[in-house]
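First up is the structure itself, then whatever we jot down about it.
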Amino acid sequence: MAKTTVQSKPTRSLKDGPLLIGGATAALLLITLWYFSNPWPDFSKNPTNPILASDGVTTAACSAGSSPAYDLLHDPPNTTFYDDPSLSYSIEKPMKNWDEKRREWLKDHPSFAAADGGSGDRILLLTGSQPSPCSNPTGDHLLLRLFKNKVDYCRINGYDIFYGNTFLHPKMRSYWAKLPLIRAAMVAHPEAEWIWWVDSDAVFTDMEFKLPLRRYKDHNLVVHGWAHLVFEKRSWVGLNAGVFLIRNCQWSMDFMQVWAAMGPQSPDFHKWGRLQKSALPDKMFPASDDQSALIYLVLKGEKKWTDKIYIEGEYYFQGYWLDIVGTVDDVAERYMSMEKGVDWLRRRHAEKTSGRYAAVREQYLKTAGYGKGSWRRPFVTHFTGCQHCNGEHNPKYTGDSCWIGMEKALNFADNQVLRRYGFVRRDIGDTSQLSVLPFDFPSGEEEDY
C-alpha cells in the first residue's frame, strides 16, 4: 500500500487549450460542482505522520545552503549518455539503466554531486501553460504574476525552474502534457534529484517553507491527497495530480511509461477510460485522465509502484484556495505580532541570507500547526476550478471571487519578497498601493505607517 497521510484539493482540466490549469468541459464542471459542495471530508480515521522541523522545512535544517557552487564550465570530453545517438527525450521510448547513467554523469561532474553533500536535495521545478495567448483579457497578466511567484520562491530557496509552453507530444495535451515535459527534463537535468511539477494556477504563499525531503527518503513519488478517499471510497478526487514531486531515477522513468500508457496517444485510451470509471465510482466522465490514471495505479498497480508512492496530507503541499484566502489576513497579523516581540526577525538582511531568518522564525512556529486550522502561512494555495486563462471558472464561484482571491494570495506572497527590497503592500487586496517599509518594522512604533 502507498504511504498515506491526508488532505488535498483536486483540480482537473479537460480542455485541450491549457497545459495544466483546471477543468473546463461541461462534464468536469458537473464533477467540480458535486465535489466542492463538501470540500473538506472527514479524514479523522486516517493515520498521520506529523511533520517536523527536522524534516528540512527551512534552509538551516537542510544539509546545504541555497547557493551551491556548481562548476558550470566543467564538461569533460568523457563519453556520456548524451553521446549515444539512440538517446531519446521522448516519453514514448523507454529509458534503460538511467540510475547508472546519472551516476556516471555525476562522477564526471563532481561539483554537482558534492554541491548538496550528496543528500539529494537538488530540485528542478516545472510549470507551464498553453502555447497560445489566453482568451481571458487578464489571463496573460495573471500567468505572468503566477510565474513570477514561482521564480521568486525558487530564487529564494535555491531551486532551478523551467517554464514549458509547448506540447512535447502532439497527442498529449491539457493535463497529460506534463508527463512528456517531466520525462525530457529528467534527461536534460541529471544533476536534479527531484522534479517538482506545480500547476500554473498554484501560488506559493509561504516563501520560506522548504519541502521536507527527509520524509520522502524511501519514496519516489509524492502527491497530495486523502488516504481514506483513495483506499476506502475509491474516489477519483482522492488525490490531486496538479502538484507532485517525482524522483529523477529509473523507477520514475518506468512508472511514467506505465502512467502515460493510459493517455490519449495510446491505442487503449478508451479502454483505460472505461476501466477507470469502473474502478472509481464517482468518476462521471468516460475519458481517461492523468489523475484517475494515477489513482488507478495506486489502487491496482504492482507493489513495486505502490510501495514508492507517498500520499502527503500533513501540511499544505497544496491547499484549496477557498479554505485559505479568507485566513491570510489573520495569518499576517499573527506573524506581525511574532515579529514585534523578536528583534532578530525585524532585522534588515540580504535576500540571499533569508534562510537564516526562516530558521529563527521556525522556533516560534512550533505550536502553529500545519494545514487547515493552522496559523502558519499555507505553503501552496491552489486555485482549482478558477480557469484564469480562459475565464470560464466553476459557476459555483460567485462573481470575481477567483480573481480577487488570486490577487490577494499573490500579494500576500509578494509582500514576503518585497520586504527584502524595502517595500510592502499595506493592503494585500490592493495591488496598486506600495509603501516604503519603515526601519525596524513592525516594532510597534509606526503609527503613521
What net charge is computed for the residues neighbouring W196, neighbours being all others with C-beta under 14 Å from the C-beta of W196, Lys and Arg scored +1, Asp and Glu -1? 0
What spacing in nm lies between the two simple spin-label points modelled at M338 and L299, each 7 Å away from Cα in the Cβ direction? 4.0
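Taking R0 as 41 Å, what FRET efficiency do you get between K148 and D108 from their Cβ-Cβ distance, rounded to the nearest 0.05?
Approximately 0.70, to the nearest 0.05.
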Amide H neighbours of T138 under 5 Å, at least 5 residues apart or on other chains, H built in the peptide plane: list them. none
Take the Cβ-Cβ distance between T367 and S135 as r, set R0 to 56 Å, and report the resulting FRET efficiency rounded to the nearest 0.05. 0.75
Taking 0.36 nm per residue of separation and subtracting the Cα-Cα distance, what length does fully extending T398 through R426 add? 7.5 nm
Scalar couplings 3J(HN,Hα) for segment 133-143 by Karplus 6.51 cos²θ - 1.76 cosθ + 1.60 (θ = phi - 60°), nearest whole Hz, x for Gly and Pro, are x, 6, 7, 6, x, 9, x, 5, 5, 5, 4
Given K148/K366; K233/K271; K150/K340; K352/K372; K101/K171, the pairs whose alpha carbons are separated by over 27 Å: K148/K366; K150/K340; K352/K372; K101/K171
Residue-by-residue Karplus 3J(HN,Hα) for segment 187-201, coefficients 6.51, -1.76, 1.60, Hz, glycine and proline x: 6, 6, 10, x, 6, 7, 7, 10, 10, 10, 7, 9, 3, 5, 8
Enumerate by residue number the trypsin sites (Lys or Arg not before Pro) in segment 150-210 meeting two conditions: DSSP loop (anything except H, G, I, E, B), and at most 15 other Cβ atoms within 10 Å of the site's Cβ. K171
Quick one: which residues, 5+ away or cross-chain, put their amide H under 5 Å from the amide H of V203? H built at 1.01 Å from N. T381, H382, F383
Working out 0.36 nm times the residue gap between M284 and D307, then minus their Cα-Cα distance, what length gain in nm do you get to one decimal? 5.4 nm
Could you tell me the accessible area of K93 in Å² (1.4 Å probe, neighbours in place), rounded to the nearest ten? 90
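Could you tally the net charge around E351, taking each other residue with its Cβ under 10 Å from the Cβ of E351, Lys/Arg +1 and Asp/Glu -1?
+3
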Straight-line reach check, K107, cutoff 23 Å on alpha carbons, 8 or more apart in-chain or any other chain, hits among lysines -> K96, K217
Between D160 and V436, what length comes free when the chain is fully extended (0.36 nm per residue of separation minus the Cα-Cα distance, one decimal in nm)? 96.3 nm
What net charge do the residues around Y364 carry, taking every other residue with its C-beta under 15 Å from that of Y364, with Lys and Arg at +1 and Asp and Glu at -1? +3
Go through T79, T138, T205 and list them by solvent-accessible area, largest first, probe radius 1.4 Å. T79, T138, T205
By the mean-Cβ-within-10 Å protection proxy, highest first, 312-321, 103-112 rank as 312-321, 103-112
Centre separation in Å (Cα based) which lies between segment 342-367 and segment 262-289: 48
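The values are calculated or read from the model by the stated rules, or taken from the named source; none is laboratory data. Every value quoted in this text rests on a predicted model; they were computed, and no experiment measured them. Cβ: placed from backbone, ideal geometry, glycine included. Neighbour counts: every protein chain shown. Side chains are part of the model used for accessible areas, which takes the heavy atoms of the whole protein and leaves out ligands, DNA and RNA. Shrake-Rupley method; radii C 1.70, N 1.55, O 1.52, S 1.80 Å.
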